[in-house]
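The values are calculated or read from the model by the stated rules, or taken from the named source; none is laboratory data. Keep in mind it's a predicted model, so treat the numbers as computed, not measured. Every residue, glycine as well, gets a Cβ built from its backbone with ideal geometry; the counts of neighbours run over all protein chains shown. Please note that ligands, DNA and RNA were not included when accessible areas were found on the heavy atoms of the full protein model with its side chains. Shrake-Rupley method; radii C 1.70, N 1.55, O 1.52, S 1.80 Å.
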Protein chains: 2
Amino acid sequence: MQTKKIFLPESEIPRQWYNVAADMPTPMEPPLHPGTGQPVGPEDLAPIFPMPLIEQEVSQERFIDIPDEVLEQYLIWRPSPLYRAYGLEKFLDTPAKIYFKNEGVSPAGSHKPNTAIAQAYYNKISGTKRIITETGAGQWGSALSYCCALFGLECKVYMVKVSYQQKPYRRMMMETWGGTCVASPSTETEAGRKILEQNPDSPGSLGIAISEAVEMAVQDDEAKYALGSVLNHVMLHQTVNGLECQKQMKIAGDYPDIIIGCAGGGSNFAGLCFPYVRDKVNGKDIDIIAVEPTACPTMTRGPFAYDFGDNNQMTPLLPMHTLGHTFVPEGIHAGGLRYHGMAPLISQLILDNIIRPVAIAQLETFEAGITFAKTEGFISAPETTHAIAEVIRQAIQAKEEAKEKVILFNWSGHGLVDMAAYDAYLSGKLADHELAQEEIQRALDDIAPLPKPKQYTG
Amino acid sequence: MQTKKIFLPESEIPRQWYNVAADMPTPMEPPLHPGTGQPVGPEDLAPIFPMPLIEQEVSQERFIDIPDEVLEQYLIWRPSPLYRAYGLEKFLDTPAKIYFKNEGVSPAGSHKPNTAIAQAYYNKISGTKRIITETGAGQWGSALSYCCALFGLECKVYMVKVSYQQKPYRRMMMETWGGTCVASPSTETEAGRKILEQNPDSPGSLGIAISEAVEMAVQDDEAKYALGSVLNHVMLHQTVNGLECQKQMKIAGDYPDIIIGCAGGGSNFAGLCFPYVRDKVNGKDIDIIAVEPTACPTMTRGPFAYDFGDNNQMTPLLPMHTLGHTFVPEGIHAGGLRYHGMAPLISQLILDNIIRPVAIAQLETFEAGITFAKTEGFISAPETTHAIAEVIRQAIQAKEEAKEKVILFNWSGHGLVDMAAYDAYLSGKLADHELAQEEIQRALDDIAPLPKPKQYTG
């Protein structure tokens with residue numbers, strides 16, 4: 001029999017995270033204070049994050065130790081298995097070898113707990129009693145709720161109202177782990193009440209939910225805020241996956257020619273590819289591809305500029321690819337890919353031609369998800385189907401070129417709590433969305449008054 | 001760090017299933033033809049099952065080879081990991097060591113594909129074009145739909161109407177894998193139309209759905225019928241799990257004093273414990289506990305008698321613990337445990353004092369499920385929480401007795417598609433159900449006219 005899955009023994013789990021900041025070809029430009037326009041210091045972030053996470057956010061150390069208490073909890077599902085997709089290869093009749101890292105085996109069903117456990121732990125040892133966050137489709141909120149339960153922390157989640165109503169199972173998961181989930185905009189915060197006064201039927205947005213969570217965290221001495229993507233320390237925690245994968249690929253006896261992941265804020269993608277970015281900076285020839293939806297083409301069509309992380313302009317200004325902080329994408333089902341910005345580290349690596357972004361429309365991604373389910377068994381999260389669609393494109397191209405390419409991708413999560421999306425696709429209710437050029441212009445107008453980074457591309 | 005999970009290398013996956021029929025202390029009494037009352041022969045079963053499965057159903061061979069094509073598909077998630085539940089042990093402050101086999105890692109999220117893959121394979125090589133089955137809560141229907149996709153078979157599932165409406169995600173899973181799912185009773189069959197004429201609002205039952213599936217399979221030369229539990233060949237296929245577990249427990253350096261599983265038709269329970277039943281028959285001292293709901297106490301309160309598998313009296317008469325083929329249990333959320341009968345092999349082993357049944361009420365099981373989610377991370381299927389509730393009872397008893405017992409249980413599946421059940425529990429909407437004594441009397445009346453097995457206990 002052919003080897004289908006490669007497991008690492010628990011004793012081989014990485015003991016350090018990899019910090020790509022140490023190997024960036026171009027130094028990162030700093031985040032700026034929203035009021036002063038000056039670089040943000042640790043003291044500016046102290047009201048919302050515990051100090052160990054702030055230190056990681058600005059660290060230039062190449063490797064950072066993973067605490068034993070975090071490792072112990074990682075072992076609930078880590079090291080996650082590396083799979084060879086024989087079924088998909090056979091169906092596509094491709095000479096390419098396709099590997100995928102299965103991050104759906106965590107209790108929350110996605111990669112999100114890789115950072116949620118670390119964030120819960122550092123908050124716990126820093127004296128935090130409760131963590132307040134926002135969530136869009138619910139993957140992050142459920143992961144953080146799970147990890148807070150493990151460390152005896154309270155967890156409060158502001159969930160974008162339209163998702164709160166459409167995806168009740170995610171709220172129920174949060175509550176099962178002991179968390180509290182509130183539809184946003186809510187009447188609990190100034191930010192929420194302001195929106196509701198203007199529009200009582202507001203469906204909410206990630207930007208509004210971030211504003212509510214930050215507002216509550218700042219007011220509460222026992223609380224901190226947490227973010228599930230975009231920031232440097234979140235990318236850092238996710239690299240445990242890519243470091244595992246490098247060991248597993250060695251066991252498999254292959255090295256990837258192409259690495260693919262979907263990218264919303266960028267964390268699952270960074271987790272797999274950043275250790276390989278180090279290899280590429282050191283001379284390896286790898287095509288590293290970040291896939292986003294055409295409905296929210298942050299990387300492929302948004303400028304590189306300073307912008308806010310939320311639409312209420314409460315967060316620091318980050319240098320990133322952005323569609324503008326007031327951007328509201330079409331209601332595609334890949335909720336995790338509907339964010340206006342992109343992680344600064346990934347944005348910079350795109351500018352430096354280390355990472356190559358592509359955008360794929362919704363129908364092709366669901367078709368890819370169905371193909372994957374029928375050939376490899378697993379039902380993918382709508383976000384993850386974006387990666388699969390690009391894998392299929394690359395595998396077909398390898399066939400046309402008759403090349404035995406090695407393709408590796410991150411299977412970032414299962415779709416069992418997102419079945420309504422498949423139902424909509426199968427009943428012909430979904431459409432493709434291409435962002436109009438006026439929207440790009442609106443993004444440029446949105447960020448026009450803000451400071452410009454050196455490499456501004458608008 | 002302590003070892004959390006024990007993986008077997010793929011090369012160590014069992015190459016044979018174990019057939020407990022070879023080691024039964026008391027020989028099994030045969031199934032009887034519903035018309036003649038005579039023992040059923042292979043030719044009676046040929047219209048609904050392919051011959052290789054009929055041969056396995058009656059085989060007395062101790063070990064039966066697993067075909068390579070089945071092994072290859074098992075590798076998608078097998079060998080499944082054996083976990084040590086340190087988090088739960090610590091929470092309970094028990095000297096007991098608690099192990100669980102994680103069968104939730106399959107694409108369908110439960111143990112069901114262990115037999116679905118085998119049944120799809122044997123149907124494929126026997127020339128079947130489509131498989132027709134029924135499903136209650138949907139675990140079986142989704143598993144079979146998945147496995148039919150792998151072998152290029154059509155799959156049609158009659159799903160009990162109340163579940164079809166309450167659990168739409170299961171239907172969507174079946175459709176994503178290419179299967180067809182119809183609410184039962186339907187207008188497609190005589191059996192369904194008859195019920196609908198009597199009661200257009202019938203919520204359906206497993207018994208009715210079985211009748212519809214069998215009726216359709218018998219009429220269609222290219223189709224066969226499939227059952228996800230109860231029958232000998234289904235138990236056989238599930239033993240791949242227990243055989244793996246025996247190897248893993250050896251690596252762990254422990255041998256179970258207590259083995260626990262939930263039992264509806266009995267297949268996940270049999271899969272883990274039958275290889276240990278062999279050890280017990282050969283002298284090992286193990287307490288093997290099957291857990292059922294008090295709302296459907298087939299094993300603890302139902303007589304051992306000949307009864308039909310469906311309420312339309314179409315199936316052979318099986319010697320088993322039963323609450324009568326017309327029994328309709330309360331609408332508890334553990335849909336997989338709402339069956340009136342129990343696998344004949346398990347029923348006989350209960351009579352022989354090899355397996356000990358217990359019944360637990362619903363609220364205790366959900367409390368156990370919440371405790372497990374907060375300590376071990378994973379959210380359990382409502383069926384599986386029955387096993388956890390008994391594990392907690394045993395771990396507390398071990399503490400009271402200050403004994404370092406080794407407890408092993410089957411974590412038969414995750415509950416991510418059953419979150420509404422947790423929501424109902426957390427909102428205080430659930431109640432316990434104790435079966436009234438009149439219902440037991442009704443069961444006795446129900447089966448009174450049927451032939452009696454030698455060990456009849458009514």
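How many residues are under 21 Å from the mean Cα position of the chain (by Cα), more than 14 Å from chain A (Cβ to nearest Cβ) and free of Cβ contacts under 8 Å to residues at least 60 places away in the same chain if we restrict to the stretch B:177-213? Summing the residues that are under 21 Å from the mean Cα position of the chain (by Cα), more than 14 Å from chain A (Cβ to nearest Cβ) and free of Cβ contacts under 8 Å to residues at least 60 places away in the same chain in the stretch B:177-213 gives 2. Inspection of the stretch B:89-107 identifies at least one residue that is more than 9 Å from chain A (Cβ to nearest Cβ) and of a type in the set (Val, Ile, Thr).
For the stretch A:57-64, indicate whether the set of residues that are among the aromatic types (Phe, Trp, Tyr), touching an Asp or Glu at 6+ places or on another chain (Cβ under 8 Å) and more than 14 Å from every other protein chain (Cβ to nearest Cβ) is non-empty. No, every residue in the stretch A:57-64 fails to be among the aromatic types (Phe, Trp, Tyr), touching an Asp or Glu at 6+ places or on another chain (Cβ under 8 Å) and more than 14 Å from every other protein chain (Cβ to nearest Cβ). Figure legend. Inter-residue proximity from the stretch B:426-452: first residues in contact (Cβ under 8 Å) with a residue 12 or more places away in the chain, second residues part of a loop (DSSP other than H, G, I, E, B) and open to solvent by 60 Å² or more (accessible area, probe 1.4 Å), beta-carbon distance below 7 Å, spacing 6+ or different chains. Indicated pairs: B:HIS433/B:GLU330; B:ASP446/B:THR326.
Inclusion of B:GLY264 among residues that are under 24 Å from B:ALA120 (Cα atoms), part of a loop (DSSP other than H, G, I, E, B) and touching a Phe, Trp or Tyr at 6+ places or on another chain (Cβ under 9 Å) is warranted. Within the stretch B:111-152, the residues that satisfy the criterion of being open to solvent by 20 Å² or more (accessible area, probe 1.4 Å) and within 13 Å of chain A (Cβ to nearest Cβ) are B:LYS112, B:GLN139, B:ALA149, B:LEU150, B:PHE151, B:GLY152. Of all residues in the stretch B:274-310, exactly one satisfies the criterion of being touching a Pro at 6+ places or on another chain (Cβ under 8 Å), of a type in the set (Phe, Trp, Tyr) and either within 16 Å of B:GLY242 (Cα to Cα) or surrounded by fewer than 20 Cβ atoms within 10 Å (Cβ to Cβ) (or both), namely B:TYR276.
Scan the stretch A:416-429 for residues that are open to solvent by 30 Å² or more (accessible area, probe 1.4 Å) and either away from chain B (no Cβ under 14 Å) or outside any helix (DSSP H, G or I) (or both) and the total you get is 3. The one condition from (1) part of a loop (DSSP other than H, G, I, E, B); (2) surrounded by fewer than 18 Cβ atoms within 10 Å (Cβ to Cβ) that B:LEU435 does not meet is (2).
B:ASP446 - would you say it is buried (at least 18 other Cβ atoms within 10 Å of the Cβ), modelled with pLDDT under 95 and over 23 Å from B:GLN248 (Cβ atoms)?
Here the answer is yes, as B:ASP446 does meet what is asked.
Among the candidates A:GLN441, A:GLN397, the residue that is modelled with pLDDT under 95 and either open to solvent by 10 Å² or more (accessible area, probe 1.4 Å) or part of a loop (DSSP other than H, G, I, E, B) (or both) is uniquely A:GLN441. Exactly one residue out of A:ILE48, A:ILE76 is away from chain B (no Cβ under 11 Å) and touching a residue at least 24 places away in the same chain (Cβ under 8 Å), and it is A:ILE48. Scanning the stretch A:1-26 for residues that are of a type in the set (A, V, I, L, M), more than 8 Å from every other protein chain (Cβ to nearest Cβ) and without any contact (Cβ under 8 Å) to a residue 60 or more places away in the chain yields a single hit, A:ALA22. Residues of the stretch A:353-363 include none that is open to solvent by 20 Å² or more (accessible area, probe 1.4 Å), over 17 Å from A:ALA295 (Cα atoms) and in a helix (DSSP H, G or I). Residue count for the stretch B:366-408, restricted to those that are more than 14 Å from chain A (Cβ to nearest Cβ) and under 21 Å from A:TRP177 (Cβ atoms): 6. Of the set (1) outside any helix (DSSP H, G or I); (2) away from every other protein chain (no Cβ under 11 Å); (3) open to solvent by less than 10 Å² (accessible area, probe 1.4 Å), all apply to B:ILE54 but (1). Of the listed requirements (1) closer than 23 Å to B:TYR74 by Cβ; (2) modelled with pLDDT under 95, A:TYR83 misses just one: (2).
Among residues of the stretch B:242-262 that are within 10 Å of B:LEU82 (Cα to Cα) and of a type in the set (A, V, I, L, M, F, W, C), those with a beta-carbon under 8 Å from a residue that is modelled with pLDDT of 95 or more and assigned to a helix (DSSP H, G or I) at least six positions away or on a different chain give the pairs B:CYS245/B:LEU272; B:CYS245/B:PRO275. None of B:THR187, B:THR133 is farther than 22 Å from B:GLU383 by Cβ and either of a type in the set (Lys, Arg) or at pLDDT 95 or above (or both) except B:THR187. Of the helices (runs of 4 or more DSSP H) that lie entirely inside the stretch A:153-230, those containing 1 or more residues that are among the acidic types (Asp, Glu) and open to solvent by less than 40 Å² (accessible area, probe 1.4 Å) span A:206-219. Looking across the stretch A:67-96 at every residue that is in contact with a helix residue (DSSP H, G or I) (Cβ under 6 Å, 6 or more places away or on another chain) and aromatic (Phe, Trp, Tyr), the one that is surrounded by the fewest Cβ atoms within 10 Å (Cβ to Cβ) is identified as A:PHE91.
Yes or no: A:THR115 among the hydroxyl-bearing types (Ser, Thr, Tyr) and farther than 26 Å from B:VAL105 by Cβ? Against the criterion (among the hydroxyl-bearing types (Ser, Thr, Tyr) and farther than 26 Å from B:VAL105 by Cβ), A:THR115 does not qualify.
With respect to the stated conditions, B:ALA402 fails to be farther than 25 Å from B:PRO81 by Cβ, open to solvent by less than 40 Å² (accessible area, probe 1.4 Å) and in contact (Cβ under 8 Å) with a residue 60 or more places away in the chain. Using the structure shown, decide if A:GLY104 is closer than 30 Å to B:LEU8 by Cα and touching a residue at least 24 places away in the same chain (Cβ under 8 Å). Spelling it out, A:GLY104 is indeed closer than 30 Å to B:LEU8 by Cα and touching a residue at least 24 places away in the same chain (Cβ under 8 Å).
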